[in-house]
Amino acid sequence: MYLGKTIEELHELLVSKKVTPLELVKEAIDALKKETTNAIETICEKEALEFASSLVEPEVDNLLWGIPYVCKDNFSTKGILTTASSNILSDYIPVFDATVIRKLKDKKAVLICKTTLDELAMGGTGTTGHKGVTYNPYDETHTYKVGGSSCGSASICAQGITPFALGSDTGDSVRKPATYAGLVGFKPTWGRISRFGLFPFAPSLDHVAYFTRSVKDSAIVLEHIAGYDVEHDATSSPKAVENYYSLIDGNVSNKKIAYIKEINDAIKDAPIREGINKCIDILKSKGALVEEVSFDQNLLAAIYPSYLIISCAEATSNNANLDGIKFGLREGDASSYQEIMINARTKGFGELIKRRFVIGSFSLFKANQEELFIRAQKARRLIVNKVNEILSDYDAILTPCGGIIRNPIVSNESDDDRLDINQMIVENHLGMGNFAGLPSISIPMGLDNNFPYGANVMTKAFDEVGAFNIAYALEEDLGLRNINTVKKVND
Amino acid sequence: MNFEAVIGIEIHVEMKTRSKMFSSSPIAFGKEANTLVTPLDMAFPGTMPIVNKQAVINAIRVSNALNMTIDNELWFDRKNYFYSDLPKGFQITQDKRPIGRDGYLEVKLSNGTIKKIEIERLHMEEDTCKQLHMADYTLIDYNRAGTPLIEIVSRPNIRSGEEAMKYVETIKSIVVFSDVSDGKMEEGSLRCDVNISLRPYGSDTYGTKVEVKNLNSTANVQRAIDFEIKRQTKSLLSGIPIEQETRRFDELKRETVLMRKKTDSVDYKYFTEPNIVPIKLSDEFIETAIKTCPELADAKIARFKEIGLSEEEASQMIQNRLMAAYFDRCIKVNPKRAKAFWNWLNGDILAYLNKHEIEITSLVVTPENLNSLIDMLEKGTLSFNQARTVFEKMAIDNKDASSIADELGLKQNSNEDEIRKIVEETINEFPQSVVDYKAGKDRAVGFLVGQIMKKTKGKVNPAITSKLVVEILKSK
């Protein structure tokens, strides 16, 4: 009976002692056990119940006190199996907590479950994890994607089992599934949240990101997990963390907001086009200046190929530690270290991963580096320059999250790597937020026959408050805060 | 045909920082295997590197000593390859932008000429695990994984074994005196790989190079190169081409032996380490690192010469950094006594240390007490032999020289009035000696001094005594 509530709502109930953390956690775990989207790696039942039982006296000023949450299974959790949805880590139990996990523990939020992902977070379909496809709770026919790679977290949060869910976002791995799952998906500036303990996919693009059911909840979570991590993450920012939650007022009257002609022109489905126009009207009606800008189509089309090259190159190196020597899969008898490594990596990785490692290695070879890796870096620089150029004139960029509402689950898991023009412009432009490391928030923009689709707002570096405010202004008028139309497991 | 040797040297120096290059794990030698390890050292997923500031300071100091251009931004790269001693599957190193570039070193050869050896680069990186290969399994010790290293790469303008030996010796001295490393080749804290090729004099192309590893002393660097030059010359003269290969130096046979043929070089797929954003090094930071660098050998020699040591004595004194440090403390106590301290350090103290197999840091005699001992010796309060005895006792008790001399009843009497009394007494006891002396028998003096020593148990100053004996005999 407490499912489908926001952090704000649950906090009220907790401090007024209408419900205890233990009751919340029990209810959520029951719901997890009944859920049918294949979103779960490990339920941390024992740990969660124990921790929740210890939470007795409510902390009035701590909005996360006693709030249950789930996290993608690529965050290091001490003593709790962490697989990254890969066979190579099917028995890996970390010895330390990721910084965000530690911070949430300190805030008395209760981790109840580790969720599925595309293997090692490399993928955008929610289909390549070692447990198979994770389904979209909005689609009982199991035909359409929930998206990935943070598929499990998206599904659990969409089902209202927990009010927030941690994920990671390297290309759009939270913000895209947020669209398909009717959620708020947010990643802040690169360096705002410590990545220590997040299994790396491509560090120069990786962000800790998360799902919530409202914009204000998103601000609450950021406030508690952001911050400098001097001992563990040299890329984390020493900039002071702001009071994001209390700074949200929805005032956009002096904001200048740009939308990109070439992206809007590539939208396929009419409701998305209408949705974007509606967003523009809402912002204008609230006093914002909203204008069209142009973005070189070739540059837009370069986002995905450059992303593939850079992310695969970094990934092949980051995952070289998974060799079966120190931890993880050790298969069969081996007569040499090479055999141990080859066995582990042959049996431990899925096809898409191997394919991406080959792409990454190939683009880093001395003979190819200039033509592939360096060229992709140069493209990245040009794209970032263009984004920053727009953001020197405007406070934010408004885009649709994608051009198609329903994306079918395809059997060929490598299909997402295909480079058709539609794929490249309207379906993968969110990657520019990773290239530039900027705050980027996806929010539900509409429902088409009870299937959600979203809009995205991107702002200047460290202008998280700006992103929250514009998103909040839209959320207020779109009326899609905390959507509860998904068929709940307990109904 | 005469050949010219073309030699380049790569030196790896293990730094003795308190913690590892990128993790907070402490560094120590000889600890139980796998006890100095953090999750990062074993490459657990999600761990991230944090640059060790002291390692950067060390690298700046050595770069400066090698006359290098120091980069004002720190960049790190990944060198990717799979090996069981490489936990992450890549090594964090500095490929594109080493912290030090384009330096040189001048070494003095035995024929008196100065050779300028050019240095291409100096960069920081991390060490790998230590492996113990058993008959049918391998043990891995992660204690060493992540130990900070400095790699120094010379240009191939070294031409002989002697030049190479001097070059390595000088770099060793720099890293030891700057307190960057123990610089112990025999323990592997300074490792040196040599590349040698030959070409006909006058040629400006390079021959096929051979790499020699396992050089555990500067002397062996020279021996290995000398051997290799002979081997390659012989081979070339017999028309057998040199193959690209890695050889190691066999200390017993004093020759290089084949380890492996080099196949295609590995493609390390270098790229910038994304988890370390480039770090700006301010001029102030670099200058402070340089200014606060412990004094290097050359500067010490110059300073020691100023206070009265010869070139040889000064050079001798810096052979051991700890001895030099002790000497420095001594001359701080008494700057005018450099020579006497030098004599003690290289004489009795060295003998004492060798006898007891200890380093000077374990010597309990303080420079202050050594100084007071020399005081007593110079004033004649102690004879040289007495001083030695006192020193031996000081080395156990660490009391000041005077109280030990008292305890041992060893003080020498140099009071002329008192000695004069004893002399007169003794001459009176042996009147024949006056007669002998007058008759030109000089041994009468020796006889009397001997009697006096016997009587006083050697506690009178012999020089004063014999002076007075002669004086009084003459006056009789």
B:Leu382 fails exactly one of (1) assigned to a helix (DSSP H, G or I); (2) surrounded by 14 or more Cβ atoms within 10 Å (Cβ to Cβ), namely (1)
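Among the candidates B:Thr246, B:Thr272, B:Thr263, which residue alone is open to solvent by 60 Å² or more (accessible area, probe 1.4 Å) and within 30 Å of A:Phe362 (Cβ to Cβ)?
Details: B:Thr246 fails: open to solvent by 60 Å² or more (accessible area, probe 1.4 Å); B:Thr272 fails: open to solvent by 60 Å² or more (accessible area, probe 1.4 Å).
It is B:Thr263.
Tell me, which helices (runs of 4 or more DSSP H) wholly within the range B:392-473 include 1 or more residues that are farther than 30 Å from B:Ser362 by Cβ and either among the small types (Gly, Ala, Ser) or touching a residue at least 40 places away in the same chain (Cβ under 8 Å) (or both)?
Numbers: elements: B:401-407, B:416-429, B:431-438, B:443-456.
Of the helices (runs of 4 or more DSSP H) lying wholly inside the range B:392-473, those with at least 1 residues that are farther than 30 Å from B:Ser362 by Cβ and either among the small types (Gly, Ala, Ser) or touching a residue at least 40 places away in the same chain (Cβ under 8 Å) (or both) span B:416-429, B:431-438, B:443-456.
Of these, A:Pro188, A:Pro203, which one is surrounded by fewer than 24 Cβ atoms within 10 Å (Cβ to Cβ), touching a residue at least 12 places away in the same chain (Cβ under 8 Å), more than 20 Å from A:Leu32 (Cβ to Cβ) and not polar (S, T, N, Q)?
Result: A:Pro203 is the single residue among A:Pro188, A:Pro203 that is surrounded by fewer than 24 Cβ atoms within 10 Å (Cβ to Cβ), touching a residue at least 12 places away in the same chain (Cβ under 8 Å), more than 20 Å from A:Leu32 (Cβ to Cβ) and not polar (S, T, N, Q).
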Those residues of the range A:47-79 which are within 21 Å of the chain's Cα centre (by Cα) and surrounded by fewer than 21 Cβ atoms within 10 Å (Cβ to Cβ) amount to none
Checking B:Lys96, B:Lys116, B:Lys88, B:Lys108 in turn, the sole residue that is crowded, with 20+ Cβ neighbours inside 10 Å and either within 21 Å of B:Tyr268 (Cβ to Cβ) or not aliphatic (A, V, I, L, M) (or both) turns out to be B:Lys88
Expected single match for part of a strand (DSSP E or B), touching a helix residue (DSSP H, G or I) at 6+ places or on another chain (Cβ under 8 Å) and among the small types (Gly, Ala, Ser) among A:Ala154, A:Ala209 is A:Ala209
Taking first residues from the range B:37-64 that are in contact (Cβ under 8 Å) with a residue 12 or more places away in the chain and more than 9 Å from chain A (Cβ to nearest Cβ) and second residues anywhere that are surrounded by fewer than 23 Cβ atoms within 10 Å (Cβ to Cβ) and part of a helix (DSSP H, G or I), the pairs with Cβ under 7 Å that are 6 or more apart or on different chains are B:Ile57/B:Ala289; B:Ile60/B:Ile286; B:Ile60/B:Ala289; B:Ile60/B:Ile290; B:Arg61/B:Ala289; B:Arg61/B:Ile290; B:Asn64/B:Ile290
The lone condition A:Ser85 fails out of (1) of a type outside the set (A, V, I, L, M); (2) under 20 Å from A:Ile225 (Cα atoms); (3) within 14 Å of another protein chain (Cβ to nearest Cβ) is (2)
Flag for B:Ala28 being within 28 Å of B:Phe177 (Cβ to Cβ), away from chain A (no Cβ under 14 Å) and not in a loop (DSSP other than H, G, I, E, B) = no
Determine, yes or no, whether B:Asp226 is more than 14 Å from chain A (Cβ to nearest Cβ) and touching a Gly at 6+ places or on another chain (Cβ under 6 Å). yes
Going through the range A:315-345 in order, the residues found to be in a helix (DSSP H, G or I) and either open to solvent by 40 Å² or more (accessible area, probe 1.4 Å) or more than 7 Å from chain B (Cβ to nearest Cβ) (or both) are A:Ala315, A:Thr316, A:Asn318, A:Asn319, A:Tyr337, A:Gln338, A:Glu339, A:Ile340, A:Ile342, A:Asn343, A:Ala344, A:Arg345
Residues of the range B:301-348 being among the small types (Gly, Ala, Ser), over 19 Å from the mean Cα position of the chain (by Cα) and crowded, with 20+ Cβ neighbours inside 10 Å, in sequence order, are B:Ala338
Quick count over the range B:144-197, residues being part of a strand (DSSP E or B) and open to solvent by less than 10 Å² (accessible area, probe 1.4 Å), is 11
Looking at this structure, is A:Ser149 crowded, with 24+ Cβ neighbours inside 10 Å, within 14 Å of chain B (Cβ to nearest Cβ) and in contact with a Leu (Cβ under 6 Å, 6 or more places away or on another chain)?
no
Within the range A:346-371, residues within 22 Å of A:Phe199 (Cβ to Cβ), more than 8 Å from every other protein chain (Cβ to nearest Cβ) and open to solvent by less than 40 Å² (accessible area, probe 1.4 Å) come out as A:Gly348, A:Phe349, A:Gly350, A:Leu352, A:Ile353, A:Arg356, A:Phe357, A:Gly360, A:Ser363
Flagged pairs (Cβ under 7 angstrom, 6 or more apart or on separate chains; first in the range B:262-277, within 8 Å of another protein chain (Cβ to nearest Cβ) and farther than 24 Å from B:Arg247 by Cβ; second of a type in the set (Gly, Ala, Ser) and not in a loop (DSSP other than H, G, I, E, B)) are B:Lys269/A:Ser361; B:Phe271/A:Ala313
Residues in the range A:262-289 that are out of contact with any Pro (no Cβ under 8 Å at 6 or more places or on another chain), touching a residue at least 12 places away in the same chain (Cβ under 8 Å) and either in a loop (DSSP other than H, G, I, E, B) or closer than 30 Å to A:Leu372 by Cβ (or both) total 7
Taking the range A:290-314 and the residues there that are touching a strand residue (DSSP E or B) at 6+ places or on another chain (Cβ under 9 Å) and in a helix (DSSP H, G or I), the one that is farthest from A:Leu352 (Cα to Cα) would be A:Leu300
Across (1) within 14 Å of chain B (Cβ to nearest Cβ); (2) open to solvent by less than 30 Å² (accessible area, probe 1.4 Å); (3) of a type outside the set (Phe, Trp, Tyr), A:Ala396 clears everything bar (1)
Taking the range A:22-77 and keeping residues assigned to a loop (DSSP other than H, G, I, E, B), among the acidic types (Asp, Glu) and in contact with a Lys or Arg (Cβ under 9 Å, 6 or more places away or on another chain) leaves A:Glu59, A:Asp73
- request: Could you tell me whether A:Asp281 is out of contact with any Leu (no Cβ under 8 Å at 6 or more places or on another chain), open to solvent by less than 10 Å² (accessible area, probe 1.4 Å) and either farther than 27 Å from A:Ser173 by Cα or within 9 Å of another protein chain (Cβ to nearest Cβ) (or both)?
  value: no
From the option list B:Phe82, B:Phe90, single residue qualifying as facing chain A (nearest Cβ under 10 Å), hydrophobic (A, V, I, L, M, F, W, C) and touching a residue at least 12 places away in the same chain (Cβ under 8 Å) is B:Phe90
Among (1) within 11 Å of another protein chain (Cβ to nearest Cβ); (2) in contact with a Phe, Trp or Tyr (Cβ under 7 Å, 6 or more places away or on another chain), A:Lys386 falls short only on (1)
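The values are calculated or read from the model by the stated rules, or taken from the named source; none is laboratory data. The structure displayed is predicted, hence computed values, not measured ones. Positions of Cβ are generated from backbone atoms using ideal geometry, with glycine treated the same way; all protein chains shown enter the neighbour counts. These area figures cover heavy atoms from the full protein model, side chains too; ligands, DNA and RNA do not enter into them. Shrake-Rupley method; radii C 1.70, N 1.55, O 1.52, S 1.80 Å.
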